[in-house]
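Trainee: Starting off with a structure, shown below.
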Amino acid sequence: PYVSRDQYDDIAHGFLLRYFPEALQKGTPVDPAIVAKRMGLVIQERRIRRDGTVFGQSFFCDGRTTFYDAGKDTDVEEQVKAGTIVIDPDANATLSFNSRNITVIHECLHFYLHAKAVRFAKALDHRISSLRCLSTGSLDNQEEEEDFKFAEIQANAIAPCVLMPRKQFIDAFKEEE
């Protein structure tokens, strides 16, 4: 979908109304694990890449992918079910405190906003089953990066709006004055 910057807070608000309305009440922080569960998504934590450059991967369709197996020091190919979010805890730990939460919400937003676009793309290219999000703010696959650049920009921009809704932030700030 086309989303302009001035719609980010409205999209975050609608997302929260649907999946975590408690966050729109005073002092209730968003719990990304509960959001994912309410969306029918499963979160797995595991190493995605040896170099730690991939934070998360969203699987919109059943598919095969590679993960890094530290015990064997090699990549292994595995089948992953649709509706799975894979988070690399090692990659998240290198960015900042609490980056896991923003990564989970980011991946949930891909399902909320972009699932139909990915499924449509799969009809044209059967190899597409997931989006693999890099720490650079782009996607791992060059072809996907061109086709889904908008999706990564939107998820990167809207995730903070979900975790810190504007009205709740402003109200908390006013209380501190």
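Trainee: Distance check, please: which entries in 37/116; 37/122; 116/174; 72/149; 26/116 exceed 28 angstrom between their Cα atoms?
Mentor: Listed pairs above 28 Å: 116/174; 72/149; 26/116.
Trainee: Applying 1/(1 + (r/R0)^6) with R0 = 35 Å to the Cβ-Cβ distance of residue 74 and residue 122, what FRET efficiency is obtained, to the nearest 0.05?
Mentor: 0.80
Trainee: Could you check which residue among 72, 116, 81 shows the biggest mean-square fluctuation in a GNM of the chain with a 10 Å Cα cutoff?
Mentor: Comparing 72, 116, 81 in the GNM, the peak value goes to 72.
Trainee: Over all directions, how big on average is the projection of the convex hull of the alpha-carbon atoms in the range 1-119, in square nanometres? Provide the component values of the computation, followed by the final result.
Mentor: Details: hull surface 33.4 nm².
The directionally averaged projection comes out at 8.4 nm².
Trainee: Next up: So, in nm, how far is label residue 115 from label residue 33 when the simple model puts each one 7 Å beyond its Cα toward the Cβ?
Mentor: 2.2 nm
Trainee: Then there's this: Obtain the nm distance between the two label points defined at residue 153 and residue 22 by a simple spin-label model: each point lies 7 Å from its Cα along the Cα-to-C-beta direction.
Mentor: 3.5 nm
Trainee: Mind ranking 151-157, 47-53, 23-29 by how tightly packed they are, going by the mean number of other C-beta atoms within 10 angstrom, highest first? Walk me through the numbers before you get to the answer.
Mentor: Details: 151-157: 20.0, 47-53: 17.3, 23-29: 12.4.
Put in order of decreasing packing, that is 151-157, 47-53, 23-29.
Trainee: Moving on to the next point. Please check: in the Gaussian network model of the chain (C-alpha springs, under 10 Å), which one of 70, 33, 121 has the largest mean-square fluctuation.
Mentor: Greatest mean-square fluctuation among the candidates belongs to 70.
Throughout, read-outs are computed from the coordinates displayed, never taken from laboratory work. Quantities reported herein were computed from a predicted structural model and do not represent experimental measurements. A quick note on method: Cβ atoms are made from the backbone with ideal geometry, for glycine too, and the neighbour counts reach across all protein chains shown.
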